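The values are calculated or read from the model by the stated rules, or taken from the named source; none is laboratory data. None of these values were measured; they are calculated from a predicted model. Cβ placement follows ideal geometry from the backbone for every residue including glycine, while neighbour counts extend to all protein chains displayed. The protein model used for the area step is the full one, side chains on, heavy atoms only, and it has no ligands, DNA or RNA in it. Shrake-Rupley method; radii C 1.70, N 1.55, O 1.52, S 1.80 Å.
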Amino acid sequence: MIFGIDRLLSDPELLARLKGRRVALVAHPASVTADLTHSIDALIAAGVTISAAFGPQHGMKGDLQDNMMESPDETDPVHGFPVFSLYGEVRRPTGQMMSTFDVVLIDLQDLGCRIYTFITTLLYVLEAAAEHGKEVWVLDRPNPAGRPVEGLTLRPGWESFVGAGPMPMRHGMTLGELGHWFIDHFKLDVAYRVVEMQGYHPDAGPGFGWPLGERAWINPSPNAPNLSMARAYPGTVMVEGATLSEGRGTTRPLELFGAPDIDARAVIAEMKALAPGWVKGCVLRDMWFEPTFHKHVGRLCSGVQIHVEGPHYDHAAFRPWRVQALGFKAIRRLYPEYDLWRDFPYEYAFGKLPIDVINGGPGLREWVDDAGATADDLDAVTVPDEAAWMEERKPFLLY
């Protein structure tokens, strides 16, 4: 599998299109070539004039652990060009930032989930480029979550930095493909090019789009340490809106959930009793953990780990959003008065519960809290959303 950055560097015709132009790069630590050279260094070595760079959430260095931890603007210590933060004083590129380049290359490893903010940054860059007459290239990379679609579609009025548009939680597209959808959906007039991958087959095992054994995994954000996390994330990210721990402060963040005051073994049994069809494709294992930071720091937690590797993973059957929804539902059934939902301004969305901001509406939370609601009730709303998105995205799929 050849990623977009490597295709660009090996194609004299593509490189020639950048010659004599000021080029900016949106990148992070996972923006590397096949030999693990950072894309900035590789492009400069290839003769590309890098005039500026942009860092998304977690910064160009990928050093900031949590949400709402902002990165400052800085100067590249090696090459001396400005590095602008798109997760600091601003989320959208300013006119001054846009004046520093002619074409911007976006080389971000995404996780294939609506809430992962790199896709919102892509939209904001496209909108700014349309306004200022700049060209945008996406150097495409795999979606490690693959093609499956899952979750409720974001509802009107629930747009946010973790909700760029009306799509389900697990959208099943690459960043390059999403750029085409954004341009069509928001009617943007912008010069746009995708440097496509070669050999990307998202339905082929064992990696289902991720080249296992061919490419090193580099964290695109501090709590995205491996492929298992990427697979579980469209579900476990919802725990950020709950009082449970999602495993931050452990070595397996966002592959588990738990708390000091639940019985994980009972939770798993209740999940399987409520909707056995929703827990296929993975193995749920009760375990113990003690976070070294974040929620429940220093306290022993009873937890559920979601195993989605090797023989424990069925790509077609695994539905992470439903698995986590079921985890919430089981806890609500076992502990009806449990203080489950956090209340704070999640990703700068004030006056709304984080769980609702994450899901692009209150539907999931209301289903969890409705004692009479069944798995079929949630499917009745979600399945049509998923089917509609699969149809809507078809014209924009490149692979």
*Set the Förster radius R0 to 22 Å, insert the Cβ-Cβ distance between Ala373 and Ala269 as r into 1/(1 + (r/R0)^6), and round the FRET efficiency to 0.05.*
0.65
*In whole Å, what three semi-axes, largest first, describe the equivalent ellipsoid of segment 306-360 built from its Cα gyration tensor (square root of 5 times each eigenvalue)?*
27, 17, 8
*asked:* Taking only the Cα atoms of segment 92-162, how large is their convex hull per residue, in Å³?
replied: 100
*Potential lengthening between Arg155 and His201 on full extension [0.36 nm per residue; Cα-Cα distance subtracted]*: 13.4 nm
*What's the percent breakdown of Cα-Cα distances in segment 46-200 across 10 Å bins, shortest bin first?*
11, 39, 38, 11, 1
*Modelled label-to-label distance, Asp73 and Val383, 7 Å Cα→beta-carbon offset: nm?*
5.2
*Histogram of C-alpha separations across the chain, 20 Å bin width, %*: 28, 58, 14, 0
*asked:* Keeping all protein chains in place and using 1.4 angstrom, which order do Glu150, Glu159, Glu196, Glu270 fall into by accessible surface area, from largest down?
replied: Glu159, Glu196, Glu270, Glu150
*For a paramagnetic label modelled at 7 Å from the Cα of Val283 toward its Cβ, which residues of segment 306-325 fall within the zone defined by backbone nitrogen distances under 20 Å?*
306-320, 323-324
_What are the extents of the Cα atoms of segment 220-358 along their three principal axes, in Å, largest first?_
40, 37, 28
_If I model a spin label as a point 7 Å beyond the Cα along the Cα-Cβ vector, how far apart are those points for Asn226 and Thr292 in nm?_
1.6
*Positive-end extreme of charge dipole, the chain - chosen from Leu15, Met197, Ala129 (charges on Cβ)*: Met197
_Sites Ala191 and Ser10 - FRET efficiency at Förster radius 25 Å, r taken between beta-carbons, to 0.05_ = 0.65
*At 0.36 nm per residue, minus the direct Cα-Cα distance, what do Arg21 and Ala46 gain on full extension? Give it in nm, one decimal, please.*
7.6 nm
*asked:* Taking 25 Å as R0, compute the FRET efficiency from the Cβ-Cβ separation of Thr251 and Asp35 and round it to 0.05.
replied: 0.40
_Along each principal axis of its Cα atoms, how long is segment 1-90 end to end? Whole angstroms, biggest number first, please._
40, 30, 20
_Tell me the mean residue ellipticity at 222 nm calculated for the chain from its helices only (DSSP H runs of n ≥ 4, each -39500 (n - 2.57), averaged over every residue, nearest 500)._
-8500 deg cm²/dmol
*Provide, for the chain, the number of lysine pairs with alpha carbons under 20 Å apart, each pair being eight or more places apart or on different chains.*
6
